[in-house]
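Worksheet: one structure, shown below.
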Amino acid sequence: MIEWLGIGHLFELSGTEAIWGFLTPLVIFVVFFLAQLILPARRVTGYVVNPETGEPRNYRLNGLPIFAIAVIVWGFELTGMPRDWFYRSSLYAVAGGTVLCVIFATYAMLSQPPGEIQNRFVAWWEGRALELPFFKERFDLKMYLYVVGGTMLTLNALSGAAYNYERFGDNFNPGVFLYAAFFTFYVLDYFIFERVQLYTYDLIHEKLGFKLIWGGLIVYGWLYILPLWGMAAHPHPGFSTVWTYVWLIGTAALFLVGWTISRGANMQKYTFKRWPDRKFLGLIEPEYIQAGDRKILCSGFWGVARHFDYMGEGFFSFSIGLVFGYFVNPWAWTYFVFIVSLFTWRQIIDDHNCAEKYGAEKWAEYKARVKYRIFPGVY
């Protein structure tokens, strides 16, 4: 069964290596925890209000230096760990990391009063606390999740590329390296604009349950590279020189289209939340529907579709399906299927939450003005 799935190479660790693979997330989580506490950071205020003070919460952001140091340590093998270790141990790391997330989520649930959610399993899954800061707000659990998850996503992708080269040498698959470059750029971009995360749905609405903790640490950090589990074990697809350039350049162009849509939409909303009257990029006039003391942005990206940023993620995930050059291999499309399924479902939940937040009448007005959910003219 394992060989039929094409992932037999991920079960080749010795017994000792398997144990170390299982413990790898524990080491990573501790190291990142210390790094986030010790390294210098900039203090910024977010969008979420602290109910105890009535003021916006304060955050320490140092994701970029942590990311840079981690990539340098990995690249120069400064710990003595082989560059392909994260990839080869990924199955065991997912298992070990999941166990830790169960423990973290249990603590997050039991450390809070029951509140509205009385069912313990639901409270464990969904969470009870919106934020869990420690050490006088020097450490925030949500931001920690994204720092660890984003950095490990890049390191796991790079590790898969290292494995591909070690295995095939001059016949390596350049698409695997382009894949690693996509996610390195994707995560680097996130850390450059780390403050924007403070104005997103996860920070504003999601509670700290197993769903978010496991999603931030393990799904984001390790399982986003799911296509690599099958595709890093394949050499160059054998295209001619001309078709190799067409394939790689075309895939990179599609990725950049998706990134532009997603980043542009998120930056426009961030700009609007901080400076409601400012033109986005000095060009796009902010138009909105007044809903009590709230405003629904409906110009620019947000006048094209109600969740246009999700379409950007869809284009990005489609480029992932193409990047390996094995267009009919199911492993290549696992990320695409996951992302499209996730955001199709999430936009339904978003619409429900927005109707509650802005009022059914005002949200209906916005829906009448912006007819499409994600893909203009289609959906």
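Quick note: the coordinates plus some simple rules give every number you see, no bench work behind them. Being a predicted model, the structure only gives us computed values, none of them experimental. Every residue, glycine among them, receives a Cβ derived from its backbone with ideal geometry; neighbour counts consider all protein chains shown.
Structure notes:
- Per-selection metrics, segment 178-314 (Cα): Rg and Dmax in Å: 18.5, 60
- In order along segment 361-369, the phi-based Karplus estimate (6.51 cos²θ - 1.76 cosθ + 1.60, θ = phi - 60°) of 3J(HN,Hα) comes to 5, 5, 5, 5, 5, 5, 5, 5, 7 Hz; Gly and Pro are listed as x.
- Counted by Cβ distance under 14 Å from Glu131, the other residues give a net charge of +1, where Lys and Arg count +1 and Asp and Glu count -1.
- Under 16 Å from the Cα of Lys371 - lysines, other chains or at least 8 residues apart: Lys362
- Listed residue (Trp247, Tyr372, Phe182) projecting farthest to the positive dipole end of the chain, Cβ model: Tyr372
- Computed about its Cα centre, the charge dipole of segment 69-185 is approximately 180 debye, with only Lys, Arg, Asp and Glu carrying charge at their Cβ.
- Using the Karplus relation 6.51 cos²θ - 1.76 cosθ + 1.60 with θ = phi - 60°, the per-residue 3J(HN,Hα) values for segment 122-131 come to 4, 5, 5, 6, 7, x, 10, 9, 6, 9 Hz, with x marking Gly and Pro.
- Rounded to 10°, Cα long-axis angle of helix 63-75 versus longest principal axis of the chain: 0
- Mean projected area of the convex hull spanned by the Cα atoms of segment 97-210, taken over all viewing directions: 9.2 nm².
- Interatomic Cα distance distribution for segment 307-379, bins of 10 angstrom, percent: 19, 40, 26, 12, 4
- Across segment 240-248, coupling constants 3J(HN,Hα) worked out from phi with the 6.51/-1.76/1.60 Karplus curve, θ = phi - 60°, read 5, 4, 4, 5, 5, 5, 4, 4, 6 Hz, and Gly and Pro carry x.
- Total formal charge among the other residues, if their Cβ is under 15 angstrom from that of Glu116, Lys/Arg +1 and Asp/Glu -1: +1
- Think of segment 70-140 as having a plus end and a minus end, set by charges on the Cβ of Lys, Arg, Asp and Glu; of Thr79, Gln112, Phe139, Thr79 sits farthest toward the positive end of this dipole.
- Note on segment 287-321 and segment 239-269: Cα centroid distance 19 Å, given to the nearest whole angstrom.
- Degrees between helix 15-38 axis and first principal axis of the chain (Cα, 0 to 90, nearest 10): 40
- Projected area averaged over orientations for the chain, convex hull of C-alpha atoms, nm²: 21.0
- Against the main long axis of the alpha-carbon atoms of the chain, helix 334-358 sits at an angle near 10°.
- Put a plus charge on the Cβ of each Lys and Arg, a minus charge on the Cβ of each Asp and Glu, and nothing anywhere else: the dipole of segment 121-207 about its Cα centre is then about 200 debye.
- Loop trypsin sites (Lys or Arg not before Pro), segment 105-179 (other Cβ atoms within 10 Å of the site Cβ: 10 or fewer; DSSP): Lys136
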